[in-house]
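S.K.: My structure is below; once you've seen it, I'll send some questions.
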Amino acid sequence: MRAAPSPEEIRRHNLGTLLRHVHLSGPASRAALAERMGLNRSTIMALTSDLTAAGLVTEELPKTTRKAGRPSLVVRPESDRVFVLALDLGADRLVVARVGLGGTVLDRADVARPRDSFDADEIISALAATGRRLVRQAGADAVCVGVGVAFSGIVRQEDGVVRHGPNIGWVDVPLGAELTRRMALGLRVSVGNDANLAALAERARGAGSGLDDIIYLHGDVGIGGGVIVGGRLLGGEGGYGGEVGHMVVNPGGRPCGCGSRGCLESEAGELALIALAGRAGQGETGRRAVEIIVDAADRGDATARDALHQVGDWLGYGVANLINIFNPSMVIFGGVMREIYMGSAAQVRSRLAVDGLTAAREGVRLRTSALGEEATLMGAAELAFSDVLTDPLETLARVRATD
Amino acid sequence: MTASENQVPGPVIELRGIDKSFGPVQVLHGVDFEAHVGEVTALVGDNGAGKSTLVKCIGGIHPIDAGDYLFEGRPVHVGGPRDAADLGVEIVYQDLALADNLDIVQNMFLGREKKSGIVLDEYTMEELAAETLAGLSVRTVKSVRQQVSSLSGGQRQTVAIAKAVLWNSKVVILDEPTAALGVAQTQQVLELVRRLADKGLAVVLISHNMNDVFAVSDRIAALYLGRMAAQVKTRDVTHAQVVELITAGRSGDLGLQQANGNGAKA
Ligand SMILES: Nc1ncnc2c1ncn2[C@@H]1O[C@H](COP(=O)(O)OP(=O)(O)O)[C@@H](O)[C@H]1O
Ligand SMILES: [Mg+2]
Ligand SMILES: [Zn+2]
C-alpha cells in the first residue's frame, strides 16, 4: 500500500491544479476557484500567493462588480511573462510559436524550408535558430518554461526520437536531443506525435472539452490519429498506437506511403481525393487543392462530386470501424480532414448509418476541430507546459536558475 | 458541458397539426414539428414545400389557422414576432435585415434597446458584442466597429446569428443561411450553427445542401407538399433516403404512407 501523500505533495498538486484551471479556462475569481477545486478560500489564498510570488499569476480586482459586498480577486495567468516554445513540424508546415500561459499565441514564425528538401540537419538547424530568436525577442522579464514539438510521424516519446516520418522520409532522427542541444536553452525539448498532441489539445481546450473518449483524425498529406480512451491517450506498448490512418479499409486498394494498400489514408486522405478528382500534379496541393475540389463539387462538377463520394464512403467505413471498436463519444476531424468531412458528410454518415453498430453510434458526435489550424501547435504547447503545470514552483525555480 | 444535462427532456418547441392557408391556397397541412435543446434540426424540402412558411408561423409572422404550439411543454399563443422573441425564439431570415450603414455593434443592438428597457452605454454594448462573437469562437471578424457594408457574405451571416443569440435566446432558426455563400464561408457558418447547439440552444437549419444537413444535424424534418413526411434522427438514415423523402414524400417504411396522412416519426 502506498503511503498517504505528504502535505508537501498535496500542496504541489493543488498548485498545479489551480494553475491548470486558469491556464485552460482563463481568469477566475478566488471564489470560483475555491468552488471548482473544492477547497476553502483561505487555502486558495495561500496557493495564489505562492503562485503570484513565483510570477505565474497575478491577482486583481474584477473590472465590473455585479454583486454587492467585498469582491473576490480575479486570478489571471501571467500570459505575457510565462511562455513556452511550440513547434509544429509537418509535411506541409514548419512553425515555431511563443505561446503564453493561458494558451495565447504571443508570436509565431513560419520557417522557410528549402524547396522539396526534408534534410533533417537543415530543418533542425532552422527550427532551433528560429526558436532562439523568438526567445531573445521576448521581454527581459519573460521566462520560457518548456519546449514542445508536434511531429507528423512516429515518435518515441521518452527520448524524442523520430522513428519514422513517412511523408518526409525521416528514419530514426534524434529530433528531441538535437533540438535540445542546438537551442541550448537549458530546457529538454519534448516531442510527440502531432495527431496525439492535437487530440489532447482538443480535449483540453477544444471540441472535446470535458470528454474522456474521443478520436481525433488529423489530415496533413496522410491521416494521423489520436485515440483517447477513458481520459488517457492510447499509446500501446511502444507509444506508437493510434495510427488509424493505416487501418486497411479497402484490401488491395490504392498503394499507401507505408508500403501497404487500401489504408484509410490512401483511400480517404487528400492525396486520394486529389487523384480521384483528376487534379494530381496540377499545382495546388494540400488544403487549397481540397478546397478547390469541394468548391467544384458544390458548383456541380461531376468528377469532383464523384471523387468526394468515393472518399466519403471510405472515410465512413473507417469511422464506422473506429466507432465499433472504441465507442467514442466524439470523433473530431482536424487538419484537412475538416474540409474532407464537411465536403462528404452525407456519404460518411450514410455509411455509418449502415455499418456502425447501432448502440455504438447512438451517442457519437461528429465534429470538426475547434482549434482549427492551431490544433497541432496548441498540442505542442500543452506538451511544453506539462512540467510547469505538474510542479509550478520547482519548474520556475529551475528555469530561472539556468537564465 | 452540454446544456441538455439539467434540462427537462422533450422538445423545446413542439407543433402539432399546424394548418396554414393563404387565401384559398392551403400551404401547410396538419404539420407536426419538434426542435430540441442541444440539437440541430435540419428542415428540408423542395422549393415551395412550405419551409419558410412553417418558420414564419413559428416566428409569429404568420398566424396559424389550426393546431397547437407548445413551448417547453406548455401551450402558448404566438400572435406576433414580439411574442416569439419573448419566448426566446429568434429567426434569421433569408433576406438578412442588417443595416449596411451601421457597424457591427450598432447592428447587434438595433431595435433592442427599447425592447429590453435598459439603456446600455457604448462601451458595454461593444464589450457584449465582442464577447458574443468570441464566445462563438468567431475569429473572422476583425473589429466590432467595422461597417456592415464592408463585410463578406459569411461575416454578415455570422453577425446576424450572433445578434440572434445575444439576448439569451433558446431557439435559433436559420432560413438557408448558406445559400449565397462559397464553400469556405459555408463551412464556417455551419461550424457556428453546430456550436450554437453544442452550447445548449435548439437550432433549426433550413438547407438544400445534403452535405450541410448531414455535416451538422442531429435530426432531419422533411416537408413534402406542405406535409411533414418524416422527422428522423440523422444517424439512422442515409443520403438516398432523405432525397427520397424530399422528392417523393416517402422512402420504404419512412414517410407519408397515404396521400393525406402525416409521416411516421422515427
Ligand atoms: N405570403 C404568401 N402569400 C401567398 N402564398 C404564399 C405566401 N408565402 C408563401 N406562399 C406559398 O406557399 C408555398 C410554400 O412557400 P414557402 O414556404 O416559401 O416554401 P419553401 O420555403 O419550402 O420554398 C408556395 O407555394 C408559396 O408560393
Ligand atoms: Mg424558403
Ligand atoms: Zn498505410
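Rule-based calculations on the coordinates, nothing more; no lab input. Everything quoted here is computed from the prediction, not taken from an experiment. Neighbour counts run over all protein chains shown; Cβ positions are idealised from the backbone, glycine included.
S.K.: Treating the angle as unsigned and between 0 and 90°, give the value, to the nearest 10°, between the Cα long axis of helix A:194-205 and the longest Cα principal axis of chain A.
M.R.: 50 degrees
S.K.: Report, to the nearest 10°, how far helix A:375-390 tilts away from the longest principal axis of the Cα atoms in chain A, using its own Cα long axis and a range of 0 to 90°.
M.R.: With both axes taken from Cα atoms, the answer is about 30 degrees.
S.K.: Moving to a separate point now. Near the amide H of A:Val57, under 5 Å away, which other amide H atoms are found, from residues 5 or more places off or on another chain, if H is placed in the peptide plane?
M.R.: Sorted by chain and number, the residues that satisfy this are A:Thr52, A:Glu78.
S.K.: May I ask you to list the trypsin sites (Lys or Arg not before Pro) in segment B:121-207 that are in a DSSP loop and have at most 16 other Cβ atoms within 10 Å of their Cβ?
M.R.: Answer in residue order: B:Arg139, B:Lys142, B:Arg145, B:Lys199.
S.K.: Still on this model: Any of B:Lys142/B:Lys233; B:Lys51/B:Lys142; B:Lys163/B:Lys233; B:Lys170/B:Lys233 with alpha carbons more than 27 Å apart? Name them for me.
M.R.: Values: B:Lys142/B:Lys233 37 Å; B:Lys51/B:Lys142 34 Å; B:Lys163/B:Lys233 29 Å; B:Lys170/B:Lys233 21 Å.
Long pairs (Cα-Cα over 27 Å): B:Lys142/B:Lys233; B:Lys51/B:Lys142; B:Lys163/B:Lys233.
S.K.: Given a cut-off of under 8 Å on Cα pairs at least six residues apart, what relative contact order in percent is computed for segment A:314-378?
M.R.: 50 percent
S.K.: Which order results if B:His36, B:His77, A:His309 are arranged by neighbouring Cβ count within 10 Å, fewest first?
M.R.: On the way: B:His36 21, B:His77 9, A:His309 16.
Ascending Cβ contact count within 10 Å gives the list B:His77, A:His309, B:His36.
S.K.: Could you tell me how many degrees, from 0 to 90 and to the nearest 10, lie between the Cα long axis of helix A:120-137 and the main elongation axis, the longest principal axis, of the Cα atoms of chain A?
M.R.: 40 degrees
S.K.: Identify the trypsin sites (Lys or Arg not before Pro) of segment A:111-201 meeting these criteria: DSSP loop state and at most 11 other C-beta atoms within 10 Å of the C-beta.
M.R.: Here the sparse-neighbourhood loop sites are A:Arg115.
S.K.: I've got another one for you. For the protein assembly as shown, how big is Rg over Rh, using alpha carbon atoms and the Kirkwood form of Rh?
M.R.: 0.99
S.K.: Counting alpha carbon pairs within less than 8 Å and at least 6 residues apart, what relative contact order, in whole percent, applies to segment B:125-256?
M.R.: Here the relative contact order equals 17 percent.
S.K.: For A:Trp170, which sequence-distant residues (separation of 5 or more, or a different chain) have an amide H within less than 5 Å of its own amide H, given hydrogens modelled in the peptide plane?
M.R.: Amide H neighbours of A:Trp170: A:Gly165.
S.K.: Within segment A:266-352, which trypsin sites (Lys or Arg not before Pro) sit in a loop by DSSP and count at most 16 neighbouring Cβ atoms inside 10 Å?
M.R.: Passing both the DSSP loop test and the Cβ count: A:Arg299.
S.K.: Give the order of A:Cys144, A:Cys258, B:Cys57, A:Cys263 when sorted by the count of other beta carbons within 10 angstrom, beginning with the fewest.
M.R.: Result, fewest neighbours first: A:Cys258, A:Cys144, B:Cys57, A:Cys263.
S.K.: In sequence order, what are the phi-derived ³J(HN,Hα) couplings for segment B:15-23 according to the Karplus relation 6.51 cos²θ - 1.76 cosθ + 1.60 with θ = phi - 60°, rounded to whole Hz, with x for glycine and proline?
M.R.: 10, 10, x, 6, 10, 8, 10, 10, x
S.K.: I'd like the Karplus ³J(HN,Hα) series for segment B:84-91: coefficients 6.51, -1.76, 1.60, θ = phi - 60°, whole numbers in Hz, and an x wherever there's a Gly or Pro.
M.R.: Once rounded to whole Hz, the list reads 5, 4, 5, 6, x, 9, 10, 10.
S.K.: Ranked by Cβ crowding within 10 angstrom, fewest neighbours first, how are B:Ile61, B:Ile173, A:Ile332 ordered? Numbers along the way, then the final one.
M.R.: Working: B:Ile61 16, B:Ile173 27, A:Ile332 30.
If I rank by nearby Cβ atoms, fewest first, I get B:Ile61, B:Ile173, A:Ile332.
S.K.: Another question, if that's okay. Give me the percent relative contact order of segment A:209-370, please, defined on Cα pairs under 8 angstrom at least 6 residues apart.
M.R.: Worked out over segment A:209-370, it gives 24 percent.
S.K.: Please list log₁₀ I(q)/I(0) at q = 0.10, 0.15, 0.18 Å⁻¹ for segment A:1-152, using the Debye equation with identical point scatterers on the alpha-carbon positions.
M.R.: -0.49, -0.85, -1.02
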